[in-house]
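Down below is the structure, laid out as structure tokens.
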Amino acid sequence: MDTSTNTAFQTQKAFSETFLNDVLDGLGGSPKRLFSKYFYDQAGDRLFQQIMEMPEYYLTDCELDVFKNKTRDIAAGILCQDGPFDLIEMGAGDAMKSSFLLEYLVKNNVDHTYIPIDISGNILSVLTDKLKDALPQLKVVPLEGEYFEMLDRAVSLSGSRKVVLFLGGNIGNMEMEEAFHFCAALRKRLDKGDILLVGFDLKKNPHAVLKAYSDPAGITAAFNLNLLSRINRELDAGFDIAGFEHYQTYDPVSGACRSYLVSLCEQTVTICGKIINFEQSELIDMEISQKFSQQDIGRMAADSGFRILGEINDSKNWFTDSIWQAV
Ligand code: AVI
């Protein structure tokens, strides 16, 4: 085994251990819970791709509307200071939305380096190749790994001011308290004057929200159930997938949109030799997709050490990209 294979093996082993511990902890507690960050194995990535293409799932189209049709406003917001900068994108994926901004910056000869961060090395190499073809003048420094580890690396490499993008409404997949800690941790790594642009899904007609997460074709249900299949595949577990059903809730007052799996009968599941008991109708808390008011966003920015420079909404005012400056 060469060193790189060995390192990859160690990384995979450490990941599996953490995954197992998180699953056993989460299902050993009351209420039972699993972390939605584990949704994204290969099958989960495919299902999420299908979700983004569903007519009911408006988030992607709304943020795409902002980046495609209000590119100049976004650029004006992040170019509040002169000089070169590093544009760091957390969870860049295929940069579907940010490529409109990159194209605009390149066309207008704005000096910057694009630093996409993603957990998937594969997606980063596809993105880097794509950008090399489409925007050969663009300087790209891809960083593969966990958000904060890679952000620390980006900050240590960076000689210029920083603009960080955190798009897609991913901040909604954290509980409010956790989201605040996340923003505060980001702030700690930035200098006064640096910029953070965060995509927030806004509170809206509750029917529209609920429809986006309980689609009639059952793709969101499959996305949730796939985590049980992943646990079966990777952690030597025996979930009977047909013994669970997806259930979605939305509380328009708090803005919390939550998904659960419901155990359809009393059952026992073995995971890596450990026995987990489920009562009939017992829930597993799977994911929060928080929706925000302007006040929520204002409070989060102020409490984590930022001031809001501007908010750019899609044409329906369903989604906002909020531009913050570190104070
Ligand atoms: C990735 N994230 C912003 C999605 C969301 O809307 O919370 C994940 C998702 N879960 C169900 N559908 C989409």
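The values are calculated or read from the model by the stated rules, or taken from the named source; none is laboratory data. In this text the structure is predicted, and so the values were computed from the model without any measurement. Cβ placement follows ideal geometry from the backbone for every residue including glycine, while neighbour counts extend to all protein chains displayed. All accessible areas refer to the heavy atoms of the entire protein, side chains included, with ligands and DNA or RNA removed. Shrake-Rupley method; radii C 1.70, N 1.55, O 1.52, S 1.80 Å.
Please give the calculated 222 nm ellipticity per residue for the chain, where each DSSP H segment of at least 4 residues contributes -39500 (n - 2.57) and the sum is spread over every residue; nearest 500 deg cm²/dmol?
Result for the chain, helices only: -13500 deg cm²/dmol.
Could you check how many percent of all C-alpha pairs in the range 16-92 are farther apart than 19 Å?
63 percent
Which residue, chosen from Leu225, Ile297, Asn205, occupies the Cα position most advanced towards the positive end of the dipole of the range 177-297, where the dipole is computed from +1 (Lys, Arg) and -1 (Asp, Glu) charges on Cβ about the Cα centre?
Looking along the dipole axis, the top candidate is Ile297.
Would you mind calculating the relative contact order of the chain from Cα pairs under 8 angstrom and at least 6 residues apart, reporting the percent as a whole number?
On the way: 558 pairs, mean separation 68.5, N = 327.
The value is 21 percent.
Only four residue types carry charge here, +1 at the Cβ of Lys and Arg and -1 at the Cβ of Asp and Glu. Report the dipole size of the range 137-191 about the Cα centre in Debye, rounded to the nearest 20.
Here the size comes out at about 420 debye.
Out of the range 231-304, which GluC sites (Glu not before Pro) are coil in DSSP terms and have no more than 13 other C-beta atoms within 10 Å?
Sparse-neighbourhood loop GluC sites (Glu not before Pro): Glu266, Glu279.
State the antiparallel share, in %, of DSSP beta bridges confined to the chain, rounding to the nearest 5. Before the final figure, lay out the partial values.
On the way: 33 of 55 bridges.
So the antiparallel bridges in the chain amount to around 60 percent.
What residues qualify as long-range amide H neighbours of Arg161, i.e. H under 5 Å apart, gap of 5 or more or another chain, H built at 1.01 Å from N?
Asp86
So, counting K/R as plus one and D/E as minus one, what does the shell of residues with Cβ under 13 Å around Gln50 add up to?
Residues close to Gln50 contribute a combined charge of -3.
Does anyone have the angle between helix 294-303 and the longest principal axis of the chain? Alpha-carbon axes, 0 to 90°, nearest 10?
The two axes meet at around 80 degrees.
Averaged per residue, what accessible surface does the range 119-256 expose to a 1.4 Å probe, in Å²?
Using a 1.4 Å probe on heavy atoms only, each residue of the range 119-256 averages 47 Å².
Beta carbons within 10 angstrom, averaged per residue: use that to sort the peptides 45-53, 113-121, 82-90, highest first.
Working: 45-53: 15.2, 113-121: 20.8, 82-90: 18.8.
Averaged packing, sorted descending, gives the order 113-121, 82-90, 45-53.
For the chain, find the longest principal axis of its Cα atoms and tell me its angle to the long axis of helix 121-134, 0 to 90°, nearest 10.
On a 0 to 90 degree scale, this one is about 30.
Relative to the longest principal Cα axis of the chain, at what angle does helix 42-53 sit, 0 to 90 degrees, rounded to 10?
That helix lies at roughly 60 degrees to the long axis.
When every alpha-carbon pair in the chain is counted, what percent end up more than 27 Å apart? Each step should come with its number before you reach the end.
Values: 25560 of 53301 pairs.
The share of Cα pairs beyond 27 Å in the chain comes to 48 percent.
Could you tell me which trypsin sites (Lys or Arg not before Pro) in the range 182-228 are loop residues by DSSP with no more than 13 other beta carbons within 10 angstrom of their beta carbon?
Passing both the DSSP loop test and the Cβ count: Lys192.
Could you provide, to the nearest whole Å², the per residue accessible area of the range 10-88 with probe 1.4 Å? It would help to have the intermediate numbers written out before the result.
On the way: 4160 Å² over 79 residues.
Value for the range 10-88: 53 Å² per residue.
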